[in-house]
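A.B. asks: One structure, pasted below without further comment.
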C-alpha cells in the first residue's frame with residue numbers, strides 16, 4: 001500500500017520500486033532515484049479527483065472565459081510536468097494541483113488559484129517568463145517570478161515580502177506551496193528536512209499568522225516542523 005495524505009493506494013503489482021528521473025524540489029535540479037510509484041490508473045484517478053475539486057469550487061461563480069482558462073492551466077501543467085516525479089514517487093503535477101485545492105479551501109479568488117497551479121513552472125519547467133506573460137498576462141508572470149527562488153534564503157524571503165506588499169496573494173500561495181511540501185518532507189535527506197523545517201518555523205509560520213491563514217493549517221505546519229528539527 002502507498003499512502004498519500006492519509007489515503008492508501010495499491011502499488012502496481014510486481015514492481016514496488018522503480019527508477020525515476022525527477023526534480024529536487026528544493027533546488028530545481030534533476031536526479032534519478034528509486035521510490036514506490038503509482039499505477040497509471042491510480043494517477044489518473046488522483047488527477048481527476050483533484051481537478052474536479054477545483055472545478056467544483058468555481059462552478060456557478062466563474063465566467064465561461066475563466067473556466068476555459070482553468071482548463072487551459074490544467075492542460076499546461078500536465079504537459080509541462082510530464083515525466084517529472086517528486087521524491088515521494090508521485091507525479092510532480094500533483095503538487096501544483098494540491099496547492100490549487102489548498103487555495104480553494106482558503107477561499108482564494110480565480111487568479112490566485114490559477115497562479116497556484118502555475119507557481120513552480122518558471123522554476124521547474126522549460127516555460128519562460130515571456131511565454132507565461134503571453135499566455136496568462138502580466139500579473140500571472142509577475143506573481144510567478146516573485147515565487148521563484150533566489151540565490152539564498154534571505155534574498156528569496158526579501159523578494160517574497162516585497163511581492164506580498166504589492167499583493168498579499170503571493171504570500172498565501174507560497175504558504176500553500178510550503179505546506180504541501182512539508183507534507184512530503186519525510187522523503188528528503190535528514191539535513192534537508194532539518195533545514196526546510198527550520199525555515200518553515202522561523203519564516204513561514206510567523207508569516208502565516210499575519211496573513212490570516214487558519215489556525216488548523218498553521219498548527220499542521222508547526223507539527224510537521226517539530227518532527228524534523
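A.B. asks: Using alpha-carbon pairs under 8 Å, 6+ residues apart, how would you state the relative contact order of segment 69-134 in percent? Write out the running numbers ahead of the final one.
C.D. replies: Working: 47 pairs, mean separation 21.4, N = 66.
Result for segment 69-134 is 32 percent.
A.B. asks: PRE reach from residue 202 (point 7 Å along Cα→Cβ): which of segment 139-168 fall under 20 Å by backbone N?
C.D. replies: 149-162
A.B. asks: Beta carbons within 10 angstrom, averaged per residue: use that to sort the peptides 91-98, 158-165, highest first. If you can, show how the numbers build up before the last one.
C.D. replies: Details: 91-98: 23.5, 158-165: 15.5.
Answer by packing, highest mean first, reads 91-98, 158-165.
A.B. asks: Starting from the Cα of residue 209, step 7 Å along the direction of its Cβ; do the same at residue 123; then give the gap between the two resulting points in nm.
C.D. replies: 2.5
A.B. asks: Another one. Measure off 7 Å from each Cα along the Cα-to-Cβ vector at residue 162 and residue 59, then give the distance between these two points in nanometres to one decimal.
C.D. replies: 4.3
Values quoted throughout were computed directly from the atomic coordinates according to the rules given, and no laboratory measurement underlies them. Because the structure is predicted, anything quoted here is derived from the model rather than measured. Neighbour counts are summed over all protein chains in view; Cβ atoms, including those assigned to glycine, are modelled from backbone coordinates with ideal geometry.
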